């Protein structure tokens, strides 16, 4: 456990949420913060002292934590800066693993979640569409699974030579085929 020294009077003056918590919940001299990392909370406190946020010193996961803190402590400027930083970083990410790590954290934030789904689908290819579909299935994300299935349908015969469904369980294969069929139905209905 690491310690950060701060002044209750400064934090309470600059944040109504801090002020309320100091008066009602946080009575002692030491307060345990468990919902975020040391680095992220330090950056958050630095904002209250300086009015500045050093986004460059934070990784994507920490910026997402900062976004959560800004929501929790009702700090619209920090939230806005964190969201803009996350969005600009998403454009540069090409690793599926890094995107899916961010994806997990974004589920409680619909706007960020939608942007992450769009970014994941922006890098979908013949080589990773089955992996994306499987992760969507495991995470029970019907929207992502349906969009990946639509990609598969639109890339038809070229794609099927790349796929090896034997590597996955039957429940996944069943859900994927249903999603592909679901993406075909509207197109079939529209043509009739």
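With the alpha-carbon atoms as the only input, what is the per residue convex hull volume for the range 1-93 in Å³?
Convex hull volume per residue, Cα atoms: 95 Å³.
Taking Cα atoms, how many degrees apart are the long axis of helix 110-122 and the longest axis of the chain, rounded to 10 and kept between 0 and 90?
40
What Kirkwood Rh does the range 72-136 have if only Cα atoms enter the pairwise 1/r average? Answer in Å. Mind dumping the intermediate values first?
Details: mean 1/r = 0.0795 Å⁻¹.
When all Cα pairs of the range 72-136 are included, the Kirkwood radius is 12.6 Å.
Would you calculate a helix-derived [θ] at 222 nm for the chain, using -39,500 (n - 2.57) for each DSSP H run of n ≥ 4 and dividing by the full residue count, to the nearest 500?
For the chain, the value works out to -21500 deg cm²/dmol.
Restricting to Cα pairs below 8 Å that are 6+ residues apart, what does the relative contact order work out to for the range 1-81? Please round to a whole percent.
Once divided by the residue count of the range 1-81, the mean separation gives 26 percent.
Could you check the spin-label model distance between residue 54 and residue 153? Points 7 Å from the Cα along Cα→Cβ, value in nm.
5.1
Measure nothing fancy, just the Cα-based angle from helix 129-138's long axis to the longest principal axis of the chain, in degrees from 0 to 90, nearest 10.
Its long axis makes an angle of about 60 degrees.
Given a cut-off of 26 Å, what percent of all Cα-Cα pairs of the chain lie beyond it?
Tail of P(r) above 26 Å: 47 percent of Cα pairs.
Residue 125 to residue 2: extension gain in nm, 0.36 nm per residue of separation minus the Cα-Cα distance? Spell out each step's value before the answer.
Details: separation 123, 0.36 × 123 = 44.28 nm, distance 4.35 nm.
Computed gain between residue 125 and residue 2 is 39.9 nm.
For the pair residue 74/residue 19, report the inter-label distance in nm, with labels modelled 7 Å from Cα in the Cβ direction.
1.0
Readers should treat all values here as calculations from the given coordinates under stated rules, not as data from a laboratory. Please read these numbers as outputs of a predicted model, since none were measured by experiment. Because the Cβ atoms are built from the backbone with ideal geometry, glycine has one as well, and the counts that use them run over all protein chains shown.
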